[in-house]
Amino acid sequence: MSENCVFCRIIAGEMPSDFIYQDEEMVAFRDIHPVAPTHILLVPREHIESVPSLQPHHEGLAGRMILRAQALAEAEGIAAAGYRLVVNSGSDSGQAVAHIHMHLIGGRKLDNRIG
Ligand code: AMP
Ligand code: ZN
């Protein structure tokens with residue numbers, strides 16, 4: 001738990017948010033500023049700042065986040081049409097919340113450009 005971290009506060013129940021998925025290691029909730037009809041954030045409960053902060057023991061967690069994103073895409077009805085998974089990391093990426101998270105974005109045709 002990092003006191004100044006908005007995602008830690010959401011996970012701790014100190015800020016309102018509806019989890020659409022949760023287990024012992026991660027939660028998922030809808031982005032407050034969605035960029036597409038489906039915009040879900042998958043967030044590990046552990047405060048890990050960004051990709052360079054990942055340790056070898058996070059390997060399983062990272063894999064399970066991708067698999068969970070696919071399961072949530074199925075539940076949203078967008079898996080067949082396709083979607084985008086984004087993990088911003090560091091200032092050049094525009095990472096705004098320094099608690100690692102994966103965006104699941106879909107439900108419309110997305111821009112071909114990534115960057
Ligand atoms: P990033 O730029 O990858 O760090 O993305 C951070 C995302 O968190 C942005 O898309 C924000 O809209 C989203 N966000 C920030 N605060 C909240 C919140 N309280 N609840 C839901 N999403 C949030
Ligand atoms: Zn945090």
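The values are calculated or read from the model by the stated rules, or taken from the named source; none is laboratory data. Predicted model, so just to flag it, every value in this text is computed and none were measured. In case anyone asks, the SASA skips ligands and DNA or RNA and just uses the protein heavy atoms, side chains included. Shrake-Rupley method; radii C 1.70, N 1.55, O 1.52, S 1.80 Å.
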Taking the full set of protein chains and a 1.4 angstrom probe, give the accessible area of Arg45 in square angstrom, rounded to the nearest 10.
80
Cα extents of the chain along the three principal axes, largest first, in whole Å?
37, 30, 27
Taking Cα atoms only, helix 59-76 is inclined relative to the longest principal axis of the chain by an angle, in degrees rounded to 10, of 40
Probe radius 1.4 Å, ligands and nucleic acids left out: which of Glu59, Glu76 has the largest accessible area, and how do the rest follow?
Glu59, Glu76
When all protein chains stay in place, what accessible area (Å², nearest 10, 1.4 Å probe) is found for Val97?
30
Considering only protein heavy atoms and a probe of 1.4 Å, how much of the accessible area of the chain is carbon and sulfur, as a whole percent?
52
Can you pull the accessible area of Leu67 for me, 1.4 Å probe, Å² to the nearest 10?
120
